[in-house]
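The values are calculated or read from the model by the stated rules, or taken from the named source; none is laboratory data. These numbers were taken from a predicted model, which means no experiment stands behind them. With ideal geometry, Cβ positions are generated from the backbone for all residues, glycine too; neighbour counts draw on all protein chains shown.
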């Protein structure tokens with residue numbers, strides 16, 4: 001699993017809310033055309049989100065959370081060989097928040113699909129989104 005870390009001069013709660021809000025995903029995930037909340041947990045956090053990057057590239061991810069430690073994990077909805085799994089963690093620092101993002105591609109993921117999910121690019125896009133809002 002490839003991990004990337006970045007420091008963002010924003011509070012942990014702001015980072016956490018932005019990352020766990022499916023309505024905001026379209027604003028910072030490169031190439032994402034649509035994201036639909038399929039199901040939410042009892043606490044209002046997404047349990048399942050469906051992603052559309054292209055008409056023929058759609059998949060769903062299931063999410064679990066450790067809200068006390070600000071960790072979100074995701075995995076494919078079902079045996080989907082072109083999806084991803086990973087986690088993000090948000091830790092408070094004196095300068096703001098350290099974001100750790102880890103991602104693993106399923107074996108059937110094509111090179112173009114892997115390119116849009118490059119962890120470094122995703123973290124950079126997320127940090128830029130937080131600074132620009």
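Of all the numbered requirements in (1) in contact with a strand residue (DSSP E or B) (Cβ under 9 Å, 6 or more places away or on another chain); (2) closer than 15 Å to residue 83 by Cα; (3) loosely packed, with under 15 Cβ neighbours inside 10 Å, residue 66 misses one, and that requirement is (2).
Considering (1) at pLDDT 95 or above; (2) farther than 17 Å from residue 99 by Cβ; (3) touching a helix residue (DSSP H, G or I) at 6+ places or on another chain (Cβ under 9 Å), say which one residue 9 fails and leave the rest. Among (1) at pLDDT 95 or above; (2) farther than 17 Å from residue 99 by Cβ; (3) touching a helix residue (DSSP H, G or I) at 6+ places or on another chain (Cβ under 9 Å), the lone unmet condition for residue 9 is (2). For residue 57, the requirement of being in contact with a helix residue (DSSP H, G or I) (Cβ under 7 Å, 6 or more places away or on another chain), surrounded by 13 or more Cβ atoms within 10 Å (Cβ to Cβ) and more than 18 Å from residue 130 (Cβ to Cβ) is met. Note on the range 15-31: among residues that are touching a residue at least 60 places away in the same chain (Cβ under 8 Å) and not in a helix (DSSP H, G or I), the one that is surrounded by the most Cβ atoms within 10 Å (Cβ to Cβ) is 29.
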